[in-house]
Amino acid sequence: MLSKREKEVIAEIWERLTPVAEDIGSDALLRMFASYPGTKTYFSHLDISSGSSHLLLHGKKIVLAIAEGAKDISQLTVTLAPLQTLHAYQLRIDPTNFKLFSHCMLVTLACHMGDDFTPVIHAAMDKFLSAFAAVLAEKYR
Amino acid sequence: MVEWTDFERATIQDIFSNIDYDVVGPAALSRCLVVYPWTQRYFGGFGNLYNAAAIISNPMVANHGKVVLRGLERAVNNMDSIKETYAELSVLHSEKLHVDPDNFKLLADCLTIVVAAQMGGAFTGDVQAAFQKFLAVVVSSLGRQYH
C-alpha cells in the first residue's frame with residue numbers, strides 16, 4: 001500500500017529520470033541479463049550487447065512506460081491497459097521475470113542516486129514496482 | 001562444490017576489503033527492517049522500531065548489523081567451503097532463532113543495494129552478478145541445516 005507522500009516521491013523521481021530514460025533503462029536491462037541469463041531468451045531477435053541501439057531503445061521504452069505509470073499510481077490499471085494486453089497475448093513473458101527486472105532497476109537506482117536512495121525511498125519504489133508488475137500480469141489468465 | 005571464476009573471486013575480495021563493515025552492516029540490516037517490515041518479527045527485544053528514523057538510529061540494530069557483516073566475512077575468507085563454514089550458523093538460525101530462511105534473501109538484496117549505492121558506477125552488471133552469486137551461496141548454506 002502506497003501512502004500519498006510515497007506516491008508523490010515516486011512520481012517526482014521518475015519525472016527526474018525521464019531525460020535519462022535510455023541510460024537508466026539499458027543499465028537495468030544489462031544488469032538483468034548478466035545476473036539472470038535466462039532473461040536473455042526473450043531478446044533473441046535483438047542485439048542486446050552493451051551500447052547497442054536496440055538495447056538503448058528498449059530500455060528507454062520501458063522507463064518511459066514506468067514513468068507514465070508513476071504520474072498517477074491510482075490509475076495504473078487504466079494507464080497500463082494496452083501494455084497488459086501486449087504482455088498477455090503477444091510477449092507472454094513469464095511474470096517471475098518482472099521481479100528480476102524490478103530488482104535490477106532498484107540496483108540501477110541505487111548506483112545512480114547513491115545516498116539519496118534512502119531506505120524509505122527504496123521501500124516506496126519496491127512497492128511501486130511490485131504493483132506495476134502485478135498490474136502488467138493481470139490479463140495473463 | 002561451487003566453482004568460482006578468477007573474476008568472481010577477485011570481485012568478492014575486492015568489495016569486502018573496500019567496505020567499512022561498521023557502516024555497511026548497520027545500513028543493510030536497518031534497510032531490511034524498513035523495506036521489509038515483517039522482518040522486525042525477529043527483533044522484538046530491540047526497542048524502538050516504530051518508524052524508519054527510529055530503526056536507522058537504533059543502536060541495537062546497528063550493533064547487530066556489525067555482527068552479521070562479520071559473520072559474512074567468514075564466507076569471504078572460506079569461499080571454497082562456505083557450506084561447511086556455515087553449518088553451525090545454519091543450525092543456530094533454524095533451531096534457536098527460528099528464522100524463516102526466505103528472510104536471508106531479503107537481507108542479501110538489501111546488502112546488494114547498500115553496496116551498489118556506495119560503489120556507484122563501479123558496481124557494474126558483472127560485479128553485481130558475482131556479488132549476487134556469492135550471496136546466493138551464503139543464503140543457501142544458511143538454509144542447509146533446516147529440517
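Of all the residues that make up segment B:44-63, how many are within 14 Å of chain A (Cβ to nearest Cβ) and either in a helix (DSSP H, G or I) or open to solvent by 70 Å² or more (accessible area, probe 1.4 Å) (or both)? Steps first, answer last, please.
Step one: of segment B:44-63, the residues within 14 Å of chain A (Cβ to nearest Cβ) are B:49-58, B:61-62.
Then drop every residue that is not either in a helix (DSSP H, G or I) or open to solvent by 70 Å² or more (accessible area, probe 1.4 Å) (or both), which leaves B:50-57, B:61-62.
Residues flagged as within 14 Å of chain A (Cβ to nearest Cβ) and either in a helix (DSSP H, G or I) or open to solvent by 70 Å² or more (accessible area, probe 1.4 Å) (or both) within segment B:44-63 amount to 10.
So how many residues does segment B:64-94 have that are without any contact (Cβ under 8 Å) to a residue 24 or more places away in the chain and open to solvent by 30 Å² or more (accessible area, probe 1.4 Å)?
Pass one, segment B:64-94, residues without any contact (Cβ under 8 Å) to a residue 24 or more places away in the chain: B:71, B:74, B:77-78, B:81, B:84, B:88, B:92.
After this cut, where a residue has to be open to solvent by 30 Å² or more (accessible area, probe 1.4 Å) as well, the list is B:74, B:77-78, B:81, B:84, B:88, B:92.
Count: 7.
Suppose we filter A:44, A:74 for residues that are among the hydroxyl-bearing types (Ser, Thr, Tyr) and either within 20 Å of residue A:139 (Cα to Cα) or in contact with a Lys or Arg (Cβ under 9 Å, 6 or more places away or on another chain) (or both); which single one remains?
Working: A:44 fails: either within 20 Å of residue A:139 (Cα to Cα) or in contact with a Lys or Arg (Cβ under 9 Å, 6 or more places away or on another chain) (or both).
On inspection, the qualifying residue turns out to be A:74.
Pairs under 7 Å by beta carbon, first residue at the interface with chain A (Cβ under 8 Å from one of its Cβ atoms) in segment B:99-123, partner of a type in the set (Phe, Trp, Tyr) and part of a helix (DSSP H, G or I), six or more apart or different chains?
Qualifying pairs under 7 Å: B:112/B:131.
May I ask you to list the residues in segment B:18-43 that are assigned to a helix (DSSP H, G or I), hydroxyl-bearing (Ser, Thr, Tyr), open to solvent by 20 Å² or more (accessible area, probe 1.4 Å) and in contact with a helix residue (DSSP H, G or I) (Cβ under 7 Å, 6 or more places away or on another chain)? Steps first, please.
First, the residues of segment B:18-43 that are assigned to a helix (DSSP H, G or I): B:18, B:21-35, B:37-43.
Imposing the further condition that a residue be hydroxyl-bearing (Ser, Thr, Tyr) reduces the set to B:21, B:30, B:39, B:42.
Now restrict to residues that are open to solvent by 20 Å² or more (accessible area, probe 1.4 Å): B:21, B:42.
The answer is B:21, and nothing else.
Which of the residues belonging to segment A:1-48 are loosely packed, with under 13 Cβ neighbours inside 10 Å, within 12 Å of another protein chain (Cβ to nearest Cβ) and closer than 21 Å to residue B:132 by Cβ?
Across segment A:1-48, the qualifying residue is only A:37.
Given the conditions (1) farther than 21 Å from residue B:36 by Cβ; (2) more than 13 Å from chain A (Cβ to nearest Cβ); (3) not acidic (Asp, Glu), report the number of the one that residue B:130 does not fulfil.
(2)
The values are calculated or read from the model by the stated rules, or taken from the named source; none is laboratory data. Note that the coordinates shown come from a computational prediction; the quantities given were computed from them, not determined experimentally. No Cβ is skipped: glycine too gets one built from the backbone with ideal geometry, and neighbour counts run over all protein chains shown. Each accessible area value is taken on the protein alone, full model and side chains, heavy atoms only, with ligands, DNA and RNA left out. Shrake-Rupley method; radii C 1.70, N 1.55, O 1.52, S 1.80 Å.
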